[in-house]
Every structure is written in structure tokens, then in C-alpha cells.
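Report on one structure; see the data block that follows.
The values are calculated or read from the model by the stated rules, or taken from the named source; none is laboratory data. Computed from a predicted model, the values in this text were never measured in an experiment. Positions of Cβ are generated from backbone atoms using ideal geometry, with glycine treated the same way; all protein chains shown enter the neighbour counts.
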Amino acid sequence: MSPFRLTLVSVLIFSWGCGASPAADEPYFPADSQLFGVSPLQDFNDDPGIVEVYIKASKTDGHLQELEDLEFFSYNGMFPGPTLEVNKGDRVIVHFKNELGETTTIHWHGLRIPDEMDGSPRVQDPVANDDYFTYDFVVPDAGTYWYHPHVRSHVQVERGLYGAVVVHDTDVDPSYDNERVIILDDVLIDGSGNFPAPFSEHMEAMHGRSGNYLLTNGNWSLLSEGQAEQGQVERWRIVNTANARTMSIGISGASFRVIGTDGGLLDQPYTTQRLQLPVGQRYDVEVSYDQAGLVTLDSWILVYDESIGNYVSEPFQVYGVDVVATGQTPRVIEWPEITLPQWESSRTEFITLDVVSTATGAINWRINGAANPEAPIFTFEEGETVRFAIDNLAGPEHPFHLHGQFFQIFDAEQPGLKDTVLIPGGSRVMITAKFDNPGAWMAHCHILEHAELGMMSEIYVNESP
Ligand code: C2O
Ligand code: CU
């Protein structure tokens, strides 16, 4: 029996409040709309350089196949939340309202914006229930990002609070026949329909909460996401929003190459069979439909095989496109001139990640010997470039995420600018970070259960005079 449900789910439609524009001084929040699928946020500002949107977090009832009465947390009644689509350099104004019944924030994962707009509860007072907050920032970098809360995120993200952020750069972006946002997730629902299942077991504290339902754009399996034509070339923006599961993905039925990562387009695209996508990271891939038929995004998952009494890695088709025959050959996309920085540093700092059990038997995940250290683990000067040796002293892996800055990984197989890096169990990974964004920045494990259990710290960057 496979733990993953891969049948098509019936789409649940919620009634739209009528789609009228907001009155000039009256905040506009859409009524609950539709669970499942990725739709864009509507821009209510006529100025081409300003994107002004309304986001409401609330509880929304829904179902996954036979599981009725699940209480999702949703942005604008949708799961995933609607996509924020902007151009590099745009000013973004987000009118946010919290109707969750508990405090929350929105963190703009990967965007190098001022720290008071970053949704960090270390900087911003969390937004109370029934209260409002206006996020207002200029988007500095093109690429694929995402947004999610930073309060009780192991529950709030699990229950559905996340959405994609797509930042175009019209001067540089190659033109494609189509772009798709593909958000990979899994959720854990126990036999009694608890969503999420209570976070209690030792295994979950050790490895984070891997779900028993794989979701793509909020759905169990999206095997006919519209059509495409043979000869077309598309850009797929893939985000892993799971609490804990590192995804291992590939594409069947078309050729593809990797063109971008956390911090935007690569200077040199590359081909590969399989991509490892830890939680928090993004990959942009260019997909060329060189033949007709079903093209699938495949996710390799460890499943227990009773016949051999062990786990085996099996591919699940989590997304599909029907490609219609035309006899056309895909065009070759001319790669734009992109120069990525080559950061060097003579300063090396050390970050150790480990685990202890407390006297009461609780698990504490630690960064540099402390769980949830209050004081910054480092203070740097604006503009400083620092090399880190990150040592994972325990067995479980940690996707380490730094807010507000990019870094590069010492690994030719993981090129480009990153904000999240996987540190496998018992190993050291080297990165070089460029601290060009002053402020108080969270540095933490993106396995949300690990962050909740202490693997959460701060790095402070002094503003240059
Ligand atoms: Cu995706 Cu601290 O965030
Ligand atoms: Cu971790």
C-alpha cells in the first residue's frame, strides 16, 4: 500500500464575493475563493512601477479527496496562496489582514528587502488577529521566491499559508512560450483526519514532519495541467514549500535544463537527470517539448517495500502536461549575458548544528551550542563577505536558510546565488555570503519542526556609516 495518494482530486470551488475594485479608502479583501491551483494576485494600482495587492490570512474549510472538513489556513481563501508577480525594481504594497485567530506575519523568502518588511518576529511585532499590516518594499532581484508566515510556521505553513513570488526582469529574461509555477509540498494527516497530525513523536522531532500526502499546487496530482505544443519551450519555476521533505525531482518526456536557482538566472544553464530540492529552495528549469505525449514532473520518494523489507526510491508523477504533436522542433533559447559575482573571503566563521535532549527528555536543536539564542550569533559590517564552514554534527539533514542576503555554495554542482543550502547529516558544507543588506536577519533551519525546537538564530549586519 502506497502512502501517497495520487488520484485526481475534485476541485472545490468556493463562492467568490463579487470581484469589484476597492473603494478609494476602504481596504479590499477578496471573499474566500477557490482552494487548489495557483492564481495571480490582482494589482489595484495603475502606476506601472507599483504593485498594490490585498492579502488576507484566514481559516478556510476544504477537503482532500475523501478527507472532509479539513481546516486549512489560507491566503485569500486559496491553497496555495495567490502568486505575487512583479518586475524587478517594482515597489510592492501589500495590505495584509489577519483573520487567523492567532498572530502571524508574512516573510518574503529570498527577497533582499529591509528587515522591518521581512516578517521576522524578531523585528516586526506579529500581526494580531483582526489586525492589519502594510508591507511596503522595492523588489531588488529577479527570480523565483515565495512567501509564508514566520510565527508558528511548523503549523501555519503546513496548514496552507504559502504562495509563490515571481520577479521578472524584462531586460534579461529570455522569452518563453509559457511559464508555470509549480509548488511542491506534502502534508501529514493522521487516520483521525487531524491536519496537521499532532506534532509529538520523537521521529518528527528528529526528522521534521514529512507528510503522507504529496501535493503539487495544493493538489494530489496534476497530471493534465492544460496542453502545450510540440516545439514549444517553457520556463517552470519550482518551489519546495514542504515542512521537511527534500524533494528529488526529474522530468520525463521532454528535455530540460536548469536555468535558475534561489537568486535568479544562472550565468550558464546546465543539464542534469535529477535535481535535489531541499525545503525553501527553488529551481527554474527550461523545458523543451521535443516530442508529443505526456510530459511529467517526477518526484522520487522512499517507500517501504514489504517484499524486500526495506525502503526503495520510487518515482511519482506529480505534475503533467499533454503535448500535442506538431512536428516542430523546439527553438534553441539564446542565453543572455549574465555575470554572477565570484565572492572571495579571507574571513572564515564556523556554524555548528547539533541536537541535545534536555533533562525532561525534550529535543533541542541548536546552532553554535544554543537553542533559540537571543543574541546574534554574529555581527558583520555592511558589505562584508564571509566564508562559513557549516558543520552538521548529527544525523538528520538541515536546509540552512539565511534571510536578507545571498550566498554561494562551494560546490560546482550547486551554482548560482542561494539563500538556502542543504547540510547533510554528519558533514560540512562551505558557503560564502555577501552581507550587503543591513539589519537583523534570521538564520535558521528550514525544517520547520527543527526551527520550532531551537534551530533559529540571528545574524546582525551593521549599516555602514
Ligand atoms: Cu522561508 Cu525564515 O524562511
Ligand atoms: Cu534542521
Among the residues of the stretch 435-452, is there at least one that is acidic (Asp, Glu) and within 22 Å of the chain's Cα centre (by Cα)? yes
First in the stretch 437-456 and farther than 17 Å from residue 386 by Cβ, second anywhere and more than 10 Å from ligand 2 (Cβ to nearest atom) and among the hydroxyl-bearing types (Ser, Thr, Tyr), Cβ under 9 Å, 6 or more apart: 444/457; 446/420; 448/153; 451/153; 452/153
Complete set of residues in the stretch 450-465 that are outside any loop (DSSP other than H, G, I, E, B) and within 14 Å of ligand 1 (Cβ to nearest atom): 450, 451, 452, 456, 457, 458, 459
Pull up the stretch 70-111, narrow it to residues that are within 17 Å of residue 51 (Cβ to Cβ) and charged (D, E, K, R), then point me to the one that is surrounded by the most Cβ atoms within 10 Å (Cβ to Cβ). 90
Checked pairs for the stretch 376-399, first closer than 18 Å to residue 431 by Cβ and at pLDDT 95 or above, second assigned to a strand (DSSP E or B) and among the basic types (Lys, Arg), C-beta under 9 Å and 6 or more apart or across chains, list as 383/434; 384/434; 385/434; 386/434; 389/428; 390/428; 391/428; 392/428
Residue in the stretch 441-448 that is modelled with pLDDT of 95 or more, over 16 Å from residue 279 (Cβ atoms) and not small (Gly, Ala, Ser) present: yes
Which of the strands (runs of 3 or more DSSP E) found entirely inside the stretch 43-159 contain at least 2 residues meeting this: of a type in the set (Lys, Arg) and at pLDDT 95 or above? 91-99
Residues located in the stretch 420-456, provided they are closer than 24 Å to residue 156 by Cβ, away from ligand 2 (no atom under 16 Å from the Cβ) and in contact with a Leu (Cβ under 7 Å, 6 or more places away or on another chain): 441
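Out of 416, 395, report the one residue that is buried (at least 20 other Cβ atoms within 10 Å of the Cβ), not β-branched (Val, Ile, Thr) and not in a strand (DSSP E or B).
On the way: 395 fails: buried (at least 20 other Cβ atoms within 10 Å of the Cβ).
Matching residue, one of 416, 395: 416.
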